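Right, one structure below, let's go through it.
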Amino acid sequence: MSQEMSDSSENLPDWYREGYDHVWLPYTQMQTAAKALPVKETRGQTLTLADGRELVDGIASWWTACHGYNDPRMQKKIVQQLSQMSHVMFGGLVHEPALRLAKRLADLLPGDLDHVFFSESGSVAVEIALKMAVQYWTNQGIKGHNRFVSFRAGYHGDTTATMAVGDTDDGMHQAFGDYLEDQYLVDLPVTTEQAAALDQLLAEKKNEIAAVLIEPLIQGAGGMKFHGLDVLQRVARICSAHDVLLIADEIFTGFGRTGTMFACEQADIVPDIICLGKALSGGMAPMAATVAGKKVYDAFLSEDADKAFMHGPTYMANPLACAAANASLDLFAEEPRLEQVRRIEQHLGQSFSHFRHYPNVVDVRVKGAVAVIEMTALPDRQKMQECFTREGVWLRPFGNVIYLTPSFTIAPDELAKLTQAIDTMLTESMTGSAE
Ligand SMILES: Cc1ncc(COP(=O)(O)O)c(C=O)c1O
């Protein structure tokens, strides 16, 4: 929170003063962290704070709001759904918004990824993928396939099983080290040596491996690291050579973020299972999905009831969330979203190259609507946030990266405001005036 706001608590709304001490915020040291900003309204790319100040959002609420906030066409469809049916259980009952959405996803996704299992968060979608992969083997009477291979700098969620397949060495989930099941954490096969190492691991351990799990093309929360199509193709080839399932976690990369609807399309690969979330519902409702190909789905078909997939979140396929996702897909069909992503990539490709000249900047990279400045270490977090708020933008750097993942509808002047704010912050941190 900016200094002026924290100093003048009389300006803060009652709900903030009375409620703040009763919420526990994510990834936040509640004793020392600067107070979170009170938002009262969102619109387009703008967050309006309780005191009326406006911030241009550079990260689209953790990459969800791909169409910007409050698109009236999405709102209308969600309200229509609300007046008809806000929720109904999905066990033994189905409804139009879910079935329409499942069919649309099956049509959009590459290959035979045709069988959609809904859930309410990305972590759960990945948990479901892991369970599907394990049960795929046990349903065929093949025992022992209960471990996973995942990649350094990967992130797949905060629940127990997903933490175990994330980069457990990176510090974020260090407190849980002894609690988490050991999995195989390896380097992405960027070099031929790394490819040979992955190949050897699968050759030696394929009888205990249920699946390999990858974030295609961009590893998001683990450091916004990019890899090439060839790396993704190599992973797919090695999995296929050893008959090991491949799970693509496209919770971050899906729905246009990397320049195509799904990152896997660029490498022309079809995973056995794909996980979707975040922009699936255009930032309007919690929704995720785990989509399986024919080989996986067929392994669950049997006269034996015990071979059914044993999972079922209470709010799965929530009709409001399905309506949001259907409305979001309508916008992808009606609006030039991928062209907008290309323009963002061009704009940021040019404006970000300038950041290479700052000391402590080790890399600058842009892909699709993702732009990253990697530093040896970030400037003081609180000072950075104060500067960004003062400059009228909302950004949330983490680890050693400052990044932009804006809505695809962002205008060039809003992008310019975001890059200008980063420039100001980096200049201030160098000259000490941000200290
Ligand atoms: C690639 C990836 N997988 C899984 C998740 C977890 O999603 P959620 O936060 O919705 O549980 C995230 C969240 O950032 C993600 O980026």
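A few points about this structure:
- Other residues whose C-beta falls under 11 angstrom from the C-beta of HIS173 contribute a net charge of -4, scoring Lys and Arg +1 and Asp and Glu -1.
- Note on ALA241 and GLU334: with the Förster distance fixed at 45 Å, the Cβ-Cβ geometry gives a FRET efficiency of about 0.60.
- In this Cβ point-charge picture (+1 for Lys and Arg, -1 for Asp and Glu), region 19-127 has a dipole of about 360 debye about its Cα centre.
- Placed amide H near SER119: partners under 5 Å, 5+ positions off or other chain: ALA288, ALA289, THR290, ALA317
- Charges were assigned to the Cβ only: +1 to each Lys and Arg, -1 to each Asp and Glu. The resulting dipole of the chain about its Cα centre is roughly 700 debye.
- Considering only the chain, percent of DSSP beta bridges that pair antiparallel, nearest 5: 65
- C-alpha long axis of helix 122-139 to longest principal axis of the chain, angle in °: 10
- Environment charge at VAL56 (Cβ cut-off 10 Å; Lys +1, Arg +1, Asp -1, Glu -1): -4
- Karplus-derived 3J(HN,Hα) values for region 347-352, using 6.51 cos²θ - 1.76 cosθ + 1.60 with θ = phi - 60°, are 4, 6, x, 6, 6, 7 Hz; glycine and proline are entered as x.
- Between region 271-317 and region 80-134, the alpha-carbon center distance in angstrom: 6
- Region 302-374: relative contact order in percent, alpha carbon pairs under 8 Å with at least 6 residues between: 21
- As a length-normalised measure over Cα pairs under 8 Å and 6 or more apart, the relative contact order of the chain settles at 21 percent.
- Using the Cβ of PHE309 as centre and a radius below 13 Å, the other residues enclosed give a net charge of -2, where K and R count +1 and D and E count -1.
- Each residue of region 399-415 was assigned a 3J(HN,Hα) from its phi angle through the Karplus curve 6.51 cos²θ - 1.76 cosθ + 1.60 (θ = phi - 60°); the sequence is x, 10, 10, 10, 9, 10, 9, x, 4, 6, 8, 5, 8, x, 5, 6, 4 Hz, with glycine and proline shown as x.
- Charging the Cβ of each Asp and Glu at -1 and of each Lys and Arg at +1, and nothing else, the dipole of region 214-361 about its Cα centre rounds to 600 debye.
- Just the protein heavy atoms count here, and of the accessible area of the chain at 1.4 Å, carbon and sulfur take up 51 percent.
- With a Förster radius of 30 Å applied to the beta-carbon distance between LEU180 and TRP24, the computed FRET efficiency rounds to 0.85.
- The translational diffusion coefficient of region 72-334, from Stokes-Einstein at 4 °C and 1.567 mPa s with a Kirkwood hydrodynamic radius over alpha carbon pairs, comes to 69 µm²/s.
- Residue-normalised accessible area of the chain, expressed per residue, 1.4 Å probe, Å²: 45
- Per-selection Kirkwood Rh - region 354-424 (Cα, Å, 1 d.p.): 12.6
- Gaussian network model of the chain, Cα within-10 Å springs - most flexible of ALA241, ALA106, ALA292: ALA241
- Taken over region 31-160, the convex hull of the Cα atoms encloses 222 Å³ per residue.
- A Gaussian network model of the chain, with springs between Cα atoms under 10 Å, assigns the largest mean-square fluctuation among SER83, SER351, SER150 to SER83.
- Residue-averaged [θ]222 nm for the chain, counting only DSSP H segments that reach four residues, each worth -39500 (n - 2.57): -11500 deg cm²/dmol
- Using a Förster distance of 25 Å, the FRET efficiency for ASP187-ARG356 (Cβ separation, nearest 0.05): 0.45
- By definition, a body whose alpha carbon gyration tensor gives a ≥ b ≥ c is oblate when a/c is 1.5 or more and a/b is not larger than b/c, and region 312-383 fits this oblate description.
- Distances between placed amide hydrogens fall under 5 Å for GLY166 paired with HIS156, all partners being 5 or more residues away or on another chain.
- The HN-Hα couplings worked out from phi for region 32-38 by the Karplus form 6.51 cos²θ - 1.76 cosθ + 1.60 (θ = phi - 60°) are 10, 5, 4, 5, 5, 7, x Hz, whole numbers, x standing for Gly and Pro.
- Counted over region 136-260, the DSSP beta bridges are approximately 15% antiparallel.
- Scanning residues 5 or more positions from ASP249 or on other chains, those with amide H under 5 Å from its amide H are ILE214, GLU215, CYS275, with H placed 1.01 Å from N in the peptide plane.
- Tail fraction, Cα-Cα pairs, region 148-282, threshold 20 Å, whole percent: 42
The values are calculated or read from the model by the stated rules, or taken from the named source; none is laboratory data. Only a predicted model underlies this, so the values are computations on that prediction, with no experimental measurement involved. Cβ coordinates were reconstructed from backbone atoms using ideal geometry, including for glycine residues, and neighbour counts include every protein chain displayed. SASA here: full protein model, heavy atoms, side chains in, ligands and nucleic acids out. Shrake-Rupley method; radii C 1.70, N 1.55, O 1.52, S 1.80 Å.
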